[in-house]
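The values are calculated or read from the model by the stated rules, or taken from the named source; none is laboratory data. Please read all numbers here as calculations on a predicted model, not as lab measurements. Counting neighbours? That spans all protein chains shown, and the Cβs are built from the backbone with ideal geometry, glycine included. We work out accessible area using only protein heavy atoms, side chains counted, and drop any ligands, DNA or RNA first. Shrake-Rupley method; radii C 1.70, N 1.55, O 1.52, S 1.80 Å.
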Amino acid sequence: MASSLNFAGDKGPLIPALYPKKGKPRKMGEIEKFLCSGAAPATAVLFTNPFDTAKVRLQLQGEQVKSALRSATSETEAAELLRKTQIYKNSFDTIGKIYTNEGLAGLQKGILPAVLREGSKNVFRLGMYDPIMGVLHDPKNGSAPAWKRVIAGSLCGVMGAFACNPFELVKTRLQSSAAGKIAVGHQHQYSGVWDALKKIVQKDGFTGLYRGSVLSMGRSIVGSGTNLASFTMMKEWLILNRGWKDDWVNDMVSGLGSSIISVIFMNPIDVARTRYYNQPYENGKGVMYTSSIDAVQKIARNEGFSAFYKGVTTHFLRIGPHFCFTFVFLGVYRRWFIAGYDYLDMRDSFKLFDSNKDGALDIGELRSALKAIVAREDAAKVGAVSDGDYEALISRCTSRLKDANGDIKWKDYPAFVGEVKKVVTEIRGGSFNA
């Protein structure tokens with residue numbers, strides 16, 4: 001089912017003889033699925049973190065600037081305030097200034113907590129989607145409706161957001177750290193990830209690591225719900241209605257499409273969360289915002305509704321490629337596992353069929369293999385009921401499948417298995433042609 005984030009892998013008929021170990025194909029276990037779910041976005045963030053750094057800087061710019069301007073005593077003072085606070089003009093100007101003043105390291109600030117965040121978050125966000133969908137919807141009833149996908153994605157997002165909040169908090173504060181003349185927002189002066197975690201716990205206790213977690217979970221309810229629902233629906237539509245393959249191109253296009261929808265819904269929450277995360281704290285209380293709701297109210301009052309879409313272009317530049325890379329890597333990693341298991345299955349059956357162990361299947365071995373593959377009850381579907389008819393059917397199959405250049409060697413075996421599945425499908429459908 002395309003509504004699933006997992007890939008079915010081998011979609012041919014079940015032929016027990018091709019799987020001598022258990023009589024069925026090896027499949028990815030839950031551990032491997034969770035591993036891929038964490039590794040894919042952790043890989044993707046290596047490419048997209050510079051855009052995230054720029055987004056954080058833009059969202060912090062102008063924090064409470066309107067209230068500060070009201071207190072200005074002259075136009076000159078007001079102009080100076082604007083000059084000091086409006087450092088970045090747009091997304092690309094932000095990236096350029098960070099690179100000019102801080103180099104590549106500046107664009108990759110917060111990369112370690114970003115990797116830890118993506119891994120810890122998406123083990124749940126991606127890893128739990130299929131199990132939850134399995135509870136909400138039976139695939140036998142057809143395609144899952146959008147509302148079920150949104151619920152599944154939202155639940156996964158909440159779990160993921162709570163798991164990664166400490167790394168999200170540290171990442172935001174490290175990314176806000178900047179050279180003096182291009183600094184925006186409060187500067188926390190952390191030397192690194194572990195220093196940040198240590199100082200937060202020392203100052204605010206363990207609960208300090210979960211500041212803004214309500215905002216993060218709210219963001220993930222919206223973001224993950226829309227992202228996973230739209231991704232699976234787009235992918236399903238492209239496969240069923242446009243004849244696309246279940247491959248990396250489909251993953252990339254569906255991921256990009258889902259990112260457009262997600263960023264529209266997520267950006268307002270993201271702005272409020274960034275401000276709330278980055279503010280200074282005294283005695284465990286925020287100096288600028290007392291709660292996430294207070295942050296939303298003050299941003300709206302001081303800067304207007306448009307402030308909630310600050311950094312939206314940079315947000316998309318980060319989210320768009322990130323979702324593309326995430327779903328592409330997720331597909332790649334899972335297909336690697338599936339390909340590895342397919343290899344092991346073929347290795348086992350080839351060794352079984354190659355009775356003389358010479359590394360090739362001769363005509364005699366091929367006939368023996370086909371007798372194990374083509375069950376008598378399947379043969380009856382094409383009228384091969386008697387022993388003579390069954391032997392004749394095996395001969396016809398052998399004639400169709402034997403290699404024109406001689407014995408079937410290991411390098412030819414994958415193609416042979418593919419053709420065997422076609423033959424069995426035809427026989428079971430009662431339409432076999434030699």
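Data table
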quantity	calculated
The stretch 201-230: number of residues that are touching a Ser or Thr at 6+ places or on another chain (Cβ under 7 Å) and closer than 24 Å to N165 by Cα	9
Hey, V424 aliphatic (A, V, I, L, M) and surrounded by fewer than 16 Cβ atoms within 10 Å (Cβ to Cβ) or not	no
Check on I408, in contact (Cβ under 8 Å) with a residue 40 or more places away in the chain and either closer than 30 Å to V123 by Cα or of a type outside the set (D, E, K, R) (or both)	yes
Residue count for the stretch 189-213, restricted to those that are in contact (Cβ under 8 Å) with a residue 24 or more places away in the chain and under 29 Å from the mean Cα position of the chain (by Cα)	10
Within the stretch 77-161, helices (runs of 4 or more DSSP H) holding 1 or more residues that are out of contact with any helix residue (DSSP H, G or I) (no Cβ under 6 Å at 6 or more places or on another chain) and touching a residue at least 40 places away in the same chain (Cβ under 8 Å)	91-107, 129-136
Residue list for the stretch 299-314, filter: touching a Phe, Trp or Tyr at 6+ places or on another chain (Cβ under 8 Å) and buried (at least 20 other Cβ atoms within 10 Å of the Cβ)	I299, T314
Selection within the stretch 249-297 - over 24 Å from V150 (Cα atoms) and charged (D, E, K, R)	R275, E282, K285, D294
Selected residue (criterion: most open to solvent (accessible area, probe 1.4 Å)) from residues of the stretch 179-194 that are among the small types (G, A, S) and at pLDDT below 65	G180
Selection status of L81, open to solvent by less than 60 Å² (accessible area, probe 1.4 Å), of a type in the set (A, V, I, L, M) and either over 29 Å from M233 (Cα atoms) or modelled with pLDDT under 90 (or both)	yes
Residue identified as open to solvent by less than 30 Å² (accessible area, probe 1.4 Å), modelled with pLDDT of 95 or more and touching a helix residue (DSSP H, G or I) at 6+ places or on another chain (Cβ under 7 Å) among D354, D378, D348	D354
Among (1) surrounded by 18 or more Cβ atoms within 10 Å (Cβ to Cβ); (2) among the aliphatic types (A, V, I, L, M); (3) not in a helix (DSSP H, G or I) - the single one I319 does not satisfy	(3)
Residue match in the stretch 352-360 (condition: closer than 16 Å to A17 by Cβ, assigned to a loop (DSSP other than H, G, I, E, B) and free of Cβ contacts under 8 Å to residues at least 12 places away in the same chain)	yes
The stretch 235-252: number of residues that are open to solvent by 60 Å² or more (accessible area, probe 1.4 Å), touching a helix residue (DSSP H, G or I) at 6+ places or on another chain (Cβ under 7 Å) and either among the acidic types (D, E) or assigned to a helix (DSSP H, G or I) (or both)	2
Residue satisfying all of: in the stretch 264-288; β-branched (V, I, T) and assigned to a helix (DSSP H, G or I); most open to solvent (accessible area, probe 1.4 Å) among these	I264
One residue from G331, G340 being open to solvent by less than 20 Å² (accessible area, probe 1.4 Å) and either without any contact (Cβ under 8 Å) to a residue 24 or more places away in the chain or closer than 27 Å to L228 by Cα (or both)	G331
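One line per residue, one yes/no per condition, for (1) crowded, with 17+ Cβ neighbours inside 10 Å; (2) in contact with a helix residue (DSSP H, G or I) (Cβ under 9 Å, 6 or more places away or on another chain); (3) more than 21 Å from D294 (Cβ to Cβ):
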{"site": "A196", "(1), (2), (3)": "yes, yes, yes"}
{"site": "V201", "(1), (2), (3)": "no, yes, yes"}
{"site": "T207", "(1), (2), (3)": "no, no, no"}
{"site": "V214", "(1), (2), (3)": "yes, yes, no"}
{"site": "G218", "(1), (2), (3)": "yes, yes, no"}
{"site": "G225", "(1), (2), (3)": "yes, yes, yes"}
{"site": "A229", "(1), (2), (3)": "yes, yes, yes"}
{"site": "M233", "(1), (2), (3)": "yes, yes, yes"}
